[in-house]
Amino acid sequence: QVQLVESGGGLVQAGGSLRLSCAASGLTFSSYTMGWFRQAPDKEREFVAGISWTGVIMDGTDSVKGRFTISRDNAKNTVYLQMNSLNPEDTAVYYCAADEWRTATMASSYDYWGQGTQVTVSS
């Protein structure tokens, strides 16, 4: 049974940082592109960043470029999202997802999803 478990969300002031983690189990992690998505209230889910099974970075929404960094540790079956210089517009539920042997940015392409972790940035 595949499980993706996100952690690291919470409440932070504007300008602060958080690091999200997503621990995967039940799949061959090194075969999967891992993606981070987010969804704010009344908005569509958007692609934040992805990293392929070979470590190629896939850029997501322009609003996070230069502030968010994705990385993975295949030995720990974990993908990370380092988020710096957070602002209230980053407030959302953040999801990690796994996509086998593809490098898609569309949510519909991803095979497995975590339950999400809430990130709230206060002004």
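The values are calculated or read from the model by the stated rules, or taken from the named source; none is laboratory data. Everything quoted here is computed from the prediction, not taken from an experiment. Heads up, the Cβs are rebuilt from the backbone with ideal geometry, glycines too, and the neighbour counts pull from every protein chain shown. Ligands, DNA and RNA are stripped out before the accessible areas are found, and what is left, the full protein with its side chains, is counted by its heavy atoms. Shrake-Rupley method; radii C 1.70, N 1.55, O 1.52, S 1.80 Å.
According to the Cα-based calculation, Rg over Rh for the chain is 0.94, with Rh computed by the Kirkwood formula. Rounded to the nearest 20, the size of the Cβ-charge dipole of segment 20-71 about its Cα centre is 120 debye, with Lys and Arg at +1 and Asp and Glu at -1.
Checking every one of the chymotrypsin sites (Phe, Trp or Tyr not before Pro) in segment 1-110 against DSSP loop status and a limit of 12 other Cβ atoms within 10 Å picks out Trp101.
Normalised per residue, the accessible area of the chain is 50 Å², obtained with a 1.4 Å probe and no contribution from ligands, DNA or RNA.
For the chain, the carbon plus sulfur part of the accessible surface works out to 46%, probe radius 1.4 Å. Of the trypsin sites (Lys or Arg not before Pro) in segment 43-123, the ones in a loop by DSSP (not H, G, I, E or B) with at most 10 other beta carbons within 10 Å are Lys43, Lys65.
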